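First comes the structure, then the notes that go with it.
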Amino acid sequence: MFSIKSIKDISNDPNVAYTQAKFLQKIGKTESAIKKYEEAASEGSVKAQYTLGNIFEDMGEYEEAERWYKIAYKSGMEEAALDIGNIKFSEEDYQYALYWYDKAMKIGLLAAQNNMGVTYYVLKNYEKCEEILLDATDSDYGKACYNLGVLYNLLDREDEAFEMFKKGARYDDPDCMYNLAVFHTQRNEAREAIALYKQLYKIGYIEGCFNLGMIMEINDKLDEAEKYYKKSADSGDMKSQYRLAYIYDREDNVDDALEYYERAIAQNHTMSKFRLGNLLNKEGNIDDAKELYEEASNDGIIESTNNLGGICFEQKEYDRAIELFKASIDMNCRPAIENLGDLYLEIGEVDTAIEYFSMMPSKLSCQIKLAQIYDEREDLEGAVIWYKKAAENGDVDSAYRLACIYENMGNIKGSIKYFEIAAENNHLNAMVHLGRIYYNEGQYDEAKSNYSVPAQEGNSYCQHMMGVISDISDDDSETATEWYEKSKLNNCIESIENLGNLYFRLNDFTKAEKYFREGIEAGSKNCGYMLGCLYHKKSLLVFEKLAKDGFENSCDIYDTMPEIDIAVNDIQIPEFELCPEEVQEKPEYIPGYIMNIKENLETMLEGFKDDMIFDDEN
């Protein structure tokens, strides 16, 4: 049966000891493996000597690693010169590194040539760096192409850098392909850039996946962006995790958004804290949202400071909210100004609220709040100032209220101006007011134009007034009757009175009597009076005819009957009536949370990689 113990009993042949050490290393028994490697090394195993150098280098014990590499080198392992040079480079002993790289170059190690070029780059000997790397590029060595491209970029030799990255890309060097794609992007050569990024996506090159995702997101191709971000995000790239989470967030894919925001936050990504705070706030997870806003605020996201203040406001932690809003204002966060005004209004400090609302004189919601405060205080001068601003800023209700104030003040010209603004935006009661104003001024066509819509919407006053205008201005008894009948159905007694008078004037006494009787039943004394006048008129006509015929004493009766001045042309106007306004529950107050920070995606693309690449593979 095979066992470690049986291996230990094998003779001390260096090759056997070396094999034994490899097995121990493979099963994780590093200390035992080192002892065996040392045993083999002491017996002259060059492979053991070199392997010990590798082990101690991986353990960070560079002095011991260097010792073993040098032993291996002296034993004929010339490749160890590269490893010794790399150690000296890491220790910033550049001259000694060059010494060893030179030895490694003499046996044809391209990695040594590359690293020598990098060393000269670090020493700012760019001429020597170019010379060494240029020679390596002739050997189809992609890393050297990349490093030389980096040098040319540094020296502003852009065209040469482009050509060198292009050359390295032909050798399938991913870093060259990436920087070449960046070049194409900057030159607005999107097709070429995307083609390279797609090749990088296939091999999981993180910056390539991210930039490809960004390009797709910029072009609003979110499904493709999601695909490319996901590959780099799942490889641990923080920026890709954030962008992917934000796509899921916008798609209302809460679970996936939560997962990738949290991954980015695990790497301390500030914007992910802010956006996840907003997501949790919307979802009603206030405690976690509050914690994230706190973290993002501490990281300098002032919008998060405002939102944290908003939560404190809603939780009635007024002192803390005031502190946070003031801190936001100090950092030029404008929404916090109105939030602070709302807070002071909430706690009854109205004058302080006015101060803050007045700091945003162009903001419609602040204009409305200021107008309403002054209106409630019956400070019409202040109310007019702010209603006017709000009206001219597009608020229909402010235009209507301002018009009402002007009408009550006797400023008919001003009231017409703002009622018309409201009416143009389908404000029914503004139309009712305008109809009355134009009617009183004898402008019946304009009055009818404004009464029409609210009349058709069932306003009995406007229906009646449409009847009045048809009656007295248009001399259209048929249309007048139609409108009076509609308002009559809405219990407008003046419409019944006007209908009776209309048919009295037309000498249609039967219809007039019908309407007067309806009015009497509804309690109208006018109708009772007019019905009496109607009967008198009818009697007068009867006795006049009988008198002409000489019937009995009809002539004497007719002569004694008085002529009555019947007010048949009087028009009755009902009490002014507005359309009922929809009763809406006052919405629960929500502070002004900042739900988005505009980001310039173009500037978020990853740029050139400008660090030279060290080749530590032997």
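Overview of results
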read-out: Above-threshold pairs, the threshold being 24 Å between Cα atoms, out of Lys417/Lys488; Lys488/Lys538; Lys363/Lys417; Lys128/Lys198; Lys202/Lys239; Lys290/Lys586; value: Lys417/Lys488; Lys488/Lys538; Lys128/Lys198; Lys290/Lys586
read-out: Where N is the number of residues in the chain, Cα Rg divided by 2.2 N^0.38 Å; value: 1.85
read-out: Estimated dipole of segment 511-569 in Debye, rounded to 20 [Cβ of Lys and Arg +1, of Asp and Glu -1, Cα centre]; value: 340 debye
read-out: Unit charges on C-beta of K, R, D, E only; dipole of the chain, Debye; value: 1620 debye
read-out: Cβ-based charge dipole, the chain, positive-most Cα from Gly208, Gly284, Met164; value: Met164
read-out: ³J(HN,Hα), Karplus 6.51/-1.76/1.60, whole Hz, each residue of segment 232-249, x for Gly, Pro; value: 6, 5, 6, 8, x, 6, 4, 5, 5, 4, 5, 5, 5, 4, 5, 5, 4, 4
read-out: Rg/Rh (Cα only; Kirkwood hydrodynamic radius) as it applies to segment 413-532; value: 1.04
read-out: Residue among Ala136, Ala371, Ala233 farthest towards the positive dipole end of the chain, charges placed on Cβ; value: Ala136
read-out: Theoretical gain in end-to-end length, Asp475 to Glu441 [0.36 nm per residue, Cα-Cα removed]; value: 10.4 nm
read-out: Equivalent ellipsoid, segment 511-569 (semi-axes from 5 times Cα gyration tensor eigenvalues, Å); value: 28, 11, 8
read-out: Part-to-part distance (alpha-carbon centres) for segment 220-253 and segment 367-435, which is given in Å; value: 49 Å
read-out: Residues of the chain: accessible area per residue with a 1.4 Å probe, Å²; value: 51 Å²
read-out: Among Val432, Tyr73, Asn491 - extreme Cα towards positive end, dipole of the chain, charges at beta-carbon; value: Tyr73
read-out: Stretch gain in nm, segment Asp616-Lys221, where the contour uses 0.36 nm per residue and the Cα spacing is subtracted; value: 138.2 nm
read-out: Restricting segment 489-518 to GluC sites (Glu not before Pro) in coil, as DSSP defines it, with at most 15 other Cβ within 10 Å; value: none
read-out: Full-stretch length increase - Thr352, Asn490 - with 0.36 nm per residue and alpha-carbon distance subtracted; value: 44.8 nm
read-out: Accessible surface of segment 91-166, 1.4 Å probe, proportion on carbon and sulfur as whole %; value: 44 percent
read-out: Approximate spin-label separation Ser449-Arg67, in nm, with each point projected 7 Å along Cα-to-Cβ; value: 10.5 nm
read-out: Dipole magnitude of segment 279-346 about its Cα centre (Cβ charges: Lys, Arg +1; Asp, Glu -1), debye to nearest 20; value: 220 debye
read-out: Paramagnetic reach from Gln456 in segment 427-447 [backbone N under 19 Å; point 7 Å along Cα→Cβ]; value: 427-436, 445-447
read-out: Apportionment of accessible area to carbon and sulfur, segment 511-569, percent (1.4 Å); value: 54 percent
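The values are calculated or read from the model by the stated rules, or taken from the named source; none is laboratory data. No experiment lies behind these values; they were computed from the predicted model shown. Positions of Cβ are backbone-derived with ideal geometry, glycine not excepted, and every protein chain shown enters the neighbour counts. For the accessible areas, the whole protein counts, side chains as well, though only heavy atoms, and no ligand, DNA or RNA atoms are used. Shrake-Rupley method; radii C 1.70, N 1.55, O 1.52, S 1.80 Å.
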